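In what follows, a structure is listed as structure tokens, so that the remarks can point back to it.
The values are calculated or read from the model by the stated rules, or taken from the named source; none is laboratory data. Worth saying up front: this structure is predicted, and the values here are computed from it rather than measured. Cβ placement follows ideal geometry from the backbone for every residue including glycine, while neighbour counts extend to all protein chains displayed. The accessibility values were calculated without ligands, DNA or RNA, using every heavy atom of the protein model including side chains. Shrake-Rupley method; radii C 1.70, N 1.55, O 1.52, S 1.80 Å.
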Amino acid sequence: MERRVLPQVRRGTARTRAWRKLALGASVALGLVAAAPLSAQAAAPAACAALQEKYPDWKGKTLVNAINPHTPGYETIDPKDPSKYIGFDIDLGEAIGECLGFKLTYKPVTFAALLTTLAAGQADIVISDIYATKERAKAADFITYSKVFDGVLVAKGNPKGINGINMSMCGAAAAENTGYVEVPLIQALVPECKKAGKPEPTIQLYDNNANCIQAILAGRADTYVNDVNTVDSAVKAYPDKLEKAIAVTIPYSVGIAVPKDKPKFRDAVLAALIEVQKAGTHMELLKKHGLDVNNFKEPDILVAD
């Protein structure tokens, strides 16, 4: 995605720094399944024991993580055992839970339903490759943990010559996930294309990454813009049919969403994530799941103004 002037996610404010200095119960619902066992090392036992003493409300509990399990590398159904989920976000959540003394079970939903599921009390947390934005922070508080690099997926040979969310998309059909931040960026091109006398881009909305990718494979769409690791996985799966036109950075971070009315839980998750990062587990998990280590970032808090 080309670099555009976008609202920046503010980081490093005095309020955020104060939160970052903090040392860091839902039951299993019908239809929820377990995650694959975590293989990465746990955070420092002494530090986590101190956090469990400081934040005892979640020790011994089982919490529900709402996920959209269609993002390879991050969260997908385990092909070896359909009753389990695998991926970076799954393992990261398990590591945070282990540090704070709680276990996780999972509620699969569409991407657009992640935050509404959280707000409705049907989930306790969302760790599902969701970009933290000021707009989304109106519905949930975020603990950010990953930089965002997007990739532009196109058919092999890039027949439309698309090279980002720019004028090269005029007249192109883009497949996107409902609720993704890329949707309004593409929509913003409509008046620009019209002004230049070019056909406007169109958007096809789907519920998950797999359907967006299939839209390109079937010839219904020309491009799909999403997390670069997702795009790379698609190219790896279909090397003769797909390619990545370009990789770009956008000014957002991936975040863990928690209910706005549970600031103590938010601070506990932040503190546990800090310990998980100190232990090197975060970096190990990026490597384990074939993700770019440059995605790593120290955590911050993002809330609505």
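Longer than 21 Å from Cα to Cα, which of K80/K278; K107/K288; K147/K288; K160/K244; K147/K287 are they? Say none if no pair is. Mind showing how you got there, number by number?
Working: K80/K278 32 Å; K107/K288 24 Å; K147/K288 18 Å; K160/K244 13 Å; K147/K287 15 Å.
Violating the 21 Å Cα-Cα cut-off are K80/K278; K107/K288.
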| query | If all Cα-Cα distances of the range 149-250 are sorted into 10 Å bins from 0 onward, what percent lands in each bin, rounded to whole numbers? | reply | 17, 54, 26, 2
| Which value does Rg/Rh take for the chain over its C-alpha atoms, Rh per Kirkwood? | 0.98
| query | Per residue, how much accessible area does the chain have with a 1.4 Å probe, in Å²? | reply | 43
| If the chain between E53 and K194 were fully stretched, how many nm would it gain, using 0.36 nm times the residue separation less the Cα-Cα distance? | 44.7 nm
| note | The base-10 log of I(q)/I(0) that the Debye equation returns for the range 108-208 at q = 0.11, 0.14, 0.23, 0.25 Å⁻¹, one scatterer per C-alpha, is -0.43, -0.66, -1.22, -1.34
| remark: Full extension between K236 and K297 adds, at 0.36 nm per residue less the Cα distance, a length in nm of 19.4 nm
| query | So how compact is the range 61-157: Cα radius of gyration and Dmax in angstrom? | reply | 14.2, 51
| message | Give the list, by residue number, of cysteines in the chain with no other Cys Cβ closer than 4.7 Å, or say none. | response | C212
